[in-house]
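K.L.:
One structure is given below, represented as structure tokens, and several questions about it will come after.
Where a number appears in this text, it was derived from the coordinates with a stated rule and is not lab data. Being a predicted model, the structure only gives us computed values, none of them experimental. Backbone-built Cβ (ideal geometry, glycine too); neighbour counts: all protein chains shown.
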Amino acid sequence: MLHLKGAGMLPSVCLILAFCGGGEPVTVNLAPAIYGDQVVEALEGIQIANTYPASDSENTTVTLTLAGADADLVTLFSDSALTF
């Protein structure tokens, strides 16, 4: 007859290994990338325009919005053009 020493620990070792990683991969939501000038200087009374295209590595739709005290003085068009 064959006796295995420590065989009583085998089920607990298998149980611990079963919970160490396997299963569903973790989904990470990365921030979208927004391109364009980060600093824009404009003289008063002069209208300037710039574009701010954005992309998302997960291919999720990116929506740009304006907020703040002067948001009503700036126009953001659907083609990512910004004028003020």
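K.L.:
Do you know which residues across the range 52-77 are assigned to a loop (DSSP other than H, G, I, E, B), surrounded by 11 or more Cβ atoms within 10 Å (Cβ to Cβ) and touching a Phe, Trp or Tyr at 6+ places or on another chain (Cβ under 9 Å)?
P.N.:
The answer is Y52, P53, L64, V74.
K.L.:
Restricting attention to the range 43-75, report how many residues are of a type in the set (D, E, K, R) and touching a residue at least 24 places away in the same chain (Cβ under 8 Å).
P.N.:
So the first thing to find is which residues in the range 43-75 are of a type in the set (D, E, K, R), and the list is 44, 56, 58, 70, 72.
Next, only the ones that are touching a residue at least 24 places away in the same chain (Cβ under 8 Å) stay: 56, 58.
Within the range 43-75, residues that are of a type in the set (D, E, K, R) and touching a residue at least 24 places away in the same chain (Cβ under 8 Å) number 2.
K.L.:
Within the range 24-51, how many residues turn out to be loosely packed, with under 10 Cβ neighbours inside 10 Å and either more than 20 Å from L82 (Cα to Cα) or of a type in the set (D, E) (or both)?
P.N.:
Final tally of qualifying residues: 10.
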